[in-house]
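The values are calculated or read from the model by the stated rules, or taken from the named source; none is laboratory data. Since this is a predicted model, take the numbers as computed values, not measurements. All Cβ positions, glycine included, derive from the backbone under ideal geometry; neighbour counts span all protein chains shown. Keep in mind that these areas ignore ligands, DNA and RNA; they rest on the heavy atoms of the full protein, side chains included. Shrake-Rupley method; radii C 1.70, N 1.55, O 1.52, S 1.80 Å.
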Amino acid sequence: LTQASCCISRPQEGYFLRQLAMAFIAATARVFLLAVPSLMLVPVAWAAGQCRKKGMCTHPALSSGQALLQTRQSLQVGAFELHEESRGATFESARPGTCCLREPHTFMTWSEFVQSSPTFAENISTGSPIVVPCGYEVTIDQKVSQSLPGLQVAGAVKFQDGINITMRTAFIFVCGNFSIGSPRAPHTANVEIVLLGGTNVTWPKPDGTMLNFGTAGFITYGGHTYLRGSACDAPAWTRLAQTITPMGMGLAQTVVQTAAQHHESQDPQINLALGRPARQSSVGHHRYTAEKAVDGGFDWKWSTILTETEENPWWYVHIPSLSNVGTVTVTERSRNGVELSGAIVGLVGSPCQQGQLCGGTLCSHTMTRSGKEDFDCGGARGDYLYVQLSGSAQLSISEVEVFAVASDNDELSPPAFTPTRAPLYPPLLHPLLRPLTSPPTTSLRPPPPPSPSPSTPSPNPPAPNPTINLALGKPARQSSVGHHRYTPEKAVDGGFDWKWSTILTETEENPWWYVHIPSLSNVGTVTLTERSNAGIDLSHALVGVAEAPCQQWQLCGGSICSNTLTRDGKEDFDCGGASGDFVYVQLSGRARLTLSEVEVFSAASANHEYHLELQGTAHTAWKVGDKVMITATSWNAEETEEAIVTGTFVQGVTIKGLLRHSHVGCSTTSEQCVVAAEVASLSRNVVIRGEDGCRPVCGHFMIAHTNHGFVCGVEFTNLGQTE
């Protein structure tokens, strides 16, 4: 809180008198300033006299007449501005205060301030904070090249627009005025304030004791604070107008934009049904509507469809001009579902009709695997892909996936081990989507071409795809077998059932399991799925890549992977591009190892470029270099992803980054626009953050006794306690 006119440099004693005087001034300033100005003078003069009598001033006291005149002029000038500023404030103190009543009388830029301040260089060398004194207004007009030992603002500090500015300081303490932007206009240039160091921020209380505000703080303790970035006046988010899906490594195009692109690509790895318009013959529960079977989710409660009990119930997805359909995978509802191996699956040129069999080209059932039914459509075509039960029944489905017939030009995969197609969603973050595990046939995939002669330069090998589980179906071993059912191949069979698809060792010293993938390189993430019933915590397991097989009772060694994420019974380990022939999981000491599934993925690249078609015009305010977030459109919130804007166009933006999941979009003109991912800009041109590597305690932002302020369009990041 402030003294009266005689002392303005820092709070001193006489707390009660100053509090009374300033409370009276604040209460009467707006109402009585013009009508009864004399009412303002008595408490100010009285308080001024009291602080002079007690010898509180550290600077020569102003005469009573000067003090009264200065105070009156200051209040007259500021009253209207305060009234206008407070109307748009995002916060306002019930007990406002300041350490400076003076209007600025000295104006200078930061570069001038550095040169003219008699104490600047000394404070830098001694580690004392830089002080902007009362009555000074300093405009920061350049990058602050030196790291400051702290910045105390008793006067005023402003940031000049049009110049990108970075300031690194141990703390900022504001009891005067601080502004980036103004109440009437946002700041458009970039400002980054980095809070660093371990200096405690303290301030004297009226009783002589010290207030401690912690380390590396940005503290506003009185006065007025305005932080207003360019994002404040612009919409920050919109929705996808077209579905996007992750592309294979090295491709530089959007894989999913329209149905026509799907059909032209004939990529057997892409689910053609994802996010397409769908209908069902009836709705058995308001939650279980048709689009839930093409949303990419598998949750029995939130991502499923259900009809009423009726004659010949059906569900279909509309994919215009669909052709060359290969496999249709129907996932049964995991709880209270129905057996779908006998369902009718087919393609037809017109929509199904109530109570009638849909007809068209029927697909044949080929495989049942862990709650999934595969149907072969043999290259059929049509506009509608349907699933139907005949007779009086109730149809329930979790998900329907539609894949094109594999091209004759596809490279032959190693028999029995590599899946014939990759899942749409990488198992890394969407474990329920699995590739087809039937072995490839030579009728669909010709043998590989002969090796080039030594004189022929070898073509560039295809880049690894981070969406494909490299361990699926590969040979595996474990240190011992704790039960005849739980053998090593169960951890690479694509299943997650705790009873039928799990491994178990005996209780022994350093138990291990490994998968053999010869000449494996550039290993990125290894995902362990814990056994859901009677399992163990695998967050502290040893996961690594080794050149040689593990030996009984010994630690396997090699390159150790670090645990990065725990999520719903899964543990992710980052192997950082390691190479070897064996990926292992091990427990150290005497223990018993059990797990459900091990998935191995190549290290990913973030160089893919996508064109996002967006609804509306919110993206027109985004700039190259901005970070955007694309929300999940499945049941799994962890499928939300980030990317960097590399360009803009009328309908959207171009982004670069690694997308691991599909994100559904739809046009606002579509009658079937039910689900669309939200796309939001995460970038703010004004950033207040803790320094890199500040763990476990970083900087913080605090507002206390600040008269009015406005904080909008500002990013606060890497602050607070991180552990």
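Observations, loosely collected:
- Legend: P(r) of the range 499-597 from all alpha carbon pair distances, 10 Å bins from 0, whole percents, reading 17, 49, 32, 2.
- By a 1.4 Å probe calculation restricted to protein chains, SER588 has an accessible surface near 80 Å², given to the nearest 10.
- Spatial separation of Cα centroids for the range 475-545 and the range 104-152, in angstrom: 61 Å
- Under a model in which nothing but the beta-carbon of Lys, Arg (+1) and Asp, Glu (-1) is charged, the range 510-571 shows a dipole of about 60 debye around its Cα centre.
- Across the alpha-carbon atoms of the range 537-594, the computed radius of gyration and Dmax are 11.5, 32 angstrom.
- Mean Cα-pair separation over length for the range 518-619, i.e. relative contact order, pairs under 8 Å, 6 or more apart, %: 41 percent
- SER117 accessible area, assembled protein chains, probe 1.4 Å, Å²: 20 Å²
- Label-point separation in nm, ALA704 to ASP568, each point 7 Å along Cα→Cβ: 4.3 nm
- Cα-projected label distance for GLN551 with THR109, points at 7 Å along beta-carbon direction, nm: 7.1 nm
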